[in-house]
1. Collect residues whose amide H, placed 1.01 Å from N in the peptide plane, falls under 5 Å from the amide H of Val108; neighbours closer than 5 in sequence don't count.
2. Cut-off under 19 Å on the C-alpha distance; same-chain residues fewer than 8 positions from Lys239 excluded. Which aspartates and glutamates are left, in chain and number order?
3. Sorted from largest down, what three extents in whole angstroms do the Cα atoms of the stretch 137-247 have along their principal axes?
4. Accessible area per residue of the chain at 1.4 Å probe, in Å²?
5. Please list the helices of the chain that count as membrane-span-like by this rule: a mean Kyte-Doolittle hydropathy of at least -0.5 together with Cα atoms stretching 20 Å or more along the helix axis, each helix being a complete DSSP H run.
6. In straight Cα distance, which lysines are under 16 Å from Lys179, not counting same-chain residues fewer than 8 positions off?
7. So what is log10(I(q)/I(0)) for the stretch 190-246 at q = 0.12, 0.13, 0.19, 0.23 1/Å, when the Debye sum runs over its Cα atoms only?
8. Would you please give the residues with an amide H less than 5 Å from that of Thr193, counting only those at least 5 places away or on a separate chain, with H modeled from the backbone geometry?
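The values are calculated or read from the model by the stated rules, or taken from the named source; none is laboratory data. Note that the structure is predicted; figures quoted are calculated from it, not measured. Here the Cβ positions follow ideal geometry from the backbone for every residue, glycine too, while neighbour counts run over all protein chains shown. To get the accessible areas, we keep the full protein, side chains included, count just its heavy atoms, and leave off ligands, DNA and RNA. Shrake-Rupley method; radii C 1.70, N 1.55, O 1.52, S 1.80 Å.
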Amino acid sequence: MKKLLITLTAMVLSLSSFAQSGLDKALSKAKKENKLVFVDTYFTGCIPCEQMDRDVFPNAVVSKEMEKNFVMLKVNVFTEKLGDTIKVQHILNGFPTFLVLNSDGNLVSSVSGFKDPGDLISFLDNAKIRAKKGQSHLGYSSTYNEKDYPAFYLEFAKTRKGITPQILKEYSDQLKDFKAKNSLLPFLIARTTNEKVSAEILKDYNGYANLYGEEVLQPVVDRALTAAAQNKLNSSSSKADFDAFLASYQSKFPADRWKINLQTLGSKLYLEMKKDTIGYLNFAISNPVLLPISFYCFGKYSSC
């Protein structure tokens, strides 16, 4: 029995090493050629992923840009061992998710969903600018070690099971440094928050956005702001009440991100609390925002 356990352990370690080797080779090649690593995470049956392969990556401008400045790594997150690693190490809340890493393995930029050639080139250009400035999202580990993550998070990242509000409360209650590497991953992957985490993020949005990225952080921000609105506003709240509430949070966010938050908060007050569709439409017209439309799959069991 002891010999069997040793053999099984060796096999697991071997598979893990094999999985990591594909990424290690890409990082090594990127360092040697002074390029970035572009990781395309997908799964078989993901329609937006197939559209990227068929309509976007073969595009002449895209393929030229990829060849010149990136080492491309394609990872099936449900059939490859490296997929399990990436699902833990990074936040993949939809597919495809594209990760840009520097040659040290640090996350420079990430984005989810179908991107047409123009949008993808814009994303790549922004990633190059960030990399040139030495910028990366340091909330994520650059290398993978299971010991760096809570056991319940590891389970959820691989199975989408195992996270409950009580577990998250116990976790945040014992968390000493909310800005330590990987600290907020359990909340980011579950797209949720609690009172303690909301207070931390709303106190320093820019700091947490720098650590994890605006797109990944946005669902948690939405939850935090709507919870705050629930506490401060009600169906009888006046426009003056709403304006005062908005003024108390506006300065915490960049202008472009605040426009997105306004839509979330306007929907909360007018549609959910007041049941006032006309009021919401008037508010939305007064606070226009061009939201990017992304088509993506949530997982292999989703309808997409």
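1. It is Val100, Leu101, Asn102, His137, by chain and number.
2. Glu272, Asp276
3. Here the Cα extents, ordered largest to smallest, are 51, 27, 23 Å.
4. On the way: 16050 Å² over 304 residues.
Heavy-atom SASA per residue in the chain reads 53 Å².
5. Qualifying helices: 2-33, 117-132, 214-232.
6. Hits, sequence-local ones excluded: Lys196, Lys203.
7. -0.32, -0.37, -0.70, -0.89
8. Long-range HN contacts for Thr193: none found.
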